[in-house]
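Here the structure is laid out as structure tokens; the discussion comes afterwards.
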Amino acid sequence: MRTAKLSILVALLASSVASLVTSVARAGNDPSEPVVPGEVIVRADTSETLAATIADLSAHFVNVGVVDQISGRPVYLLSYGLTGKQTPQDVSARIDALIAKSTIPWGELNYIGQTGEGKTDSLWLSGVGFNAQTFANQYAVPMLGIELAHERSRGAGVVVAVIDTGIDALHPVFNGRVSPSGVSFLPGSALSSDLGDGIDNDGDGLVDEQVGHGTFVAGLIHLVAPEATILPVRVLDSDGNAGTFQIARALAWAIDHGAHIANMSLGETYRSQALEDIVAEAETRGVAVFGAAGNSNTDDPREFPACDGAAIGVSALDWNDVKAPFSSFGDRIDLAAPGHTRLLKGLPVPTQSIVGPVSGGGYAAWFGTSFATALTSGTAALVRAQHPEWPSTTVPAGMIRSTITTTLGTTGVLIDATNPTYAGLLGQARISAFGAVDVGPPAPPLGDLDLDGDVTAADLSLLLEAWGPTSAGHRADFDPSGDVGAADLSLLLYAW
């Protein structure tokens, strides 16, 4: 598996801590931020304002037209072409003029978001003895109290959208918990699998460097919440890149398709209004969005959506609750979680590694705030499973995100003493899965459709009523296959 790259991976990982610390951080809202050529995002609330926007841009640029729209939202991706000495900043200036005239409320160039690991060329390493056992027994498991947490919640009934490079759903670690209702927003590929395209998309000399990222992230979520449904939302290419519009559209899709939690182990330093609007919508609709703080060891520029007030930002620590050398930080970060791997002579130490599944059925070590974010999303899924009544009169949809954040923060381990230089900048606490679920009621078990704490004939009746094709996350779709059928009946009878 990617054996031709093994020597490159070893060399990169051996020097990765130093390179991560010194990597160039792109300035937020700086015109030098990488853009998707020929694409601009606008919000146009009526067809008339959209037409006026296109007409204005067409008077200054060529090939202006609508490329795409975020479904159900007045947010459009427009194309444009440049002539002569024109630059994307000329397009940005025209957008600013349209905003000043109140033609549109906002507009922006389509900047590029990426995995933190892709930005710093941090790659996974396999072929050094990692397997299902090292995955299940990695240091994060006792550190977070995951096995004890499973006595009170295993995430049943919760849908976690993994907005990433896709997921290898056939990897044996998932045991059928990856929904077949996933989606791909990559041009030319309808598959939500974690696949390479054989292209150096970001021009850094590495091909398909982030293949396996989404699978690794999903595996860590599944490790913490083994009965949650993982919903693949493939939007990042195999080098871990996507435009802001595409990322915002992927999150909107996840909101519309039943996600309770959205894991976004990615980020950009440009503060996009498009993404901010969708994250705010997620909060109002009861979807908790988790974002990675970034791997640039800085608090400036900030990474979004991690530093968005409506999202939950996560920093990375090591096995001693000390800040990982690469982890970004800041007063907008909410929580911390394990995310570091120790290297000895260029190889990861299994007992001090973050271990996860990668495409093709194998396991590997990796490190980054992406993986701290995944462990936190999984822990949130345990808490969310304890409260199938949400939204409720006491916790309405708009308070679910803040309630989860408070629960994970107040039940976690305080880390300022072990990180005096970064006091108040790594999040409220390092999460504790056991601590978080210990303050809530036992989660209803898989099969308990009427949520009375037991699996009985009443649940069988509800399953039969739901028989047939169903939406992602339906509680009767235990497998989850997208269909309530004989397999679900068998699982219910087993839980009886």
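What follows draws every value from the coordinates through simple rules; no lab data is involved. Please read these numbers as outputs of a predicted model, since none were measured by experiment. Reconstructed Cβ throughout: ideal geometry from the backbone, glycine too, with neighbour counts over all protein chains shown.
Of note:
- Based on the Stokes-Einstein relation at 20 °C and a viscosity of 1.002 mPa s, and on the Kirkwood radius from alpha carbon pairs, the chain is assigned a translational diffusion coefficient of 94 µm²/s.
- Theoretical FRET efficiency, 1/(1+(r/R0)^6), r = Cβ-Cβ of Ser102 and Thr393, R0 25 Å, to 0.05: 0.05
- Residues with amide H under 5 Å from that of Leu317, placed H, sequence gap 5 or more: Ala324, Ala337, Gly339, His340
- Tail weight of P(r) past 17 Å, computed on alpha-carbon pairs of region 132-279, percent: 62
- Square roots of 5 times each gyration tensor eigenvalue, C-alpha, region 110-158, largest first, Å: 29, 20, 10
- DSSP loop trypsin sites (Lys or Arg not before Pro) with at most 15 other Cβ within 10 Å excluded, longest remaining stretch of the chain: 102-284
- Sequentially through region 417-430, phi angles give Karplus couplings (6.51, -1.76, 1.60; θ = phi - 60°) of 5, 8, 9, x, 5, 10, 4, x, 10, 10, x, 5, 6, 7 Hz, Gly and Pro residues having no value and appearing as x.
- The percentage of C-alpha pairs in region 222-281 whose separation is greater than 13 Å is 64%.
- Label-to-label distance, Ala51 versus Val67, with points set 7 angstrom from Cα along the beta-carbon direction: 2.4 nm.
- Over the chain: helical MRE at 222 nm, DSSP H runs n ≥ 4 each giving -39500 (n - 2.57), nearest 500: -9000 deg cm²/dmol
- Evaluated over region 35-113, the Cα radius of gyration and Dmax, each in Å: 11.5, 37
- The modelled label-to-label distance between Asp452 and Val439, using points 7 Å beyond Cα along the C-beta direction, is 3.1 nm.
- Nearest-0.05 FRET efficiency for Asp300 and Asp416, computed from C-beta distance (R0 25 Å): 0.75
- Scanning residues 5 or more positions from Val64 or on other chains, those with amide H under 5 Å from its amide H are Gly81, with H placed 1.01 Å from N in the peptide plane.
- Among the lysines of the chain, pairs that are 8 or more positions apart or on different chains and have alpha carbons within less than 22 Å of each other number 4.
- Set of region 93-115 residues, backbone N closer than 15 Å to the point 7 Å along the Cα-Cβ line of Asp197: 112-115
- Mean separation of Cα contacts under 8 Å, 6 or more apart, over the residue count of the chain: relative contact order %: 18
- Contact order relative to length of region 35-113, as percent, for alpha carbon pairs under 8 angstrom and 6 or more apart: 44
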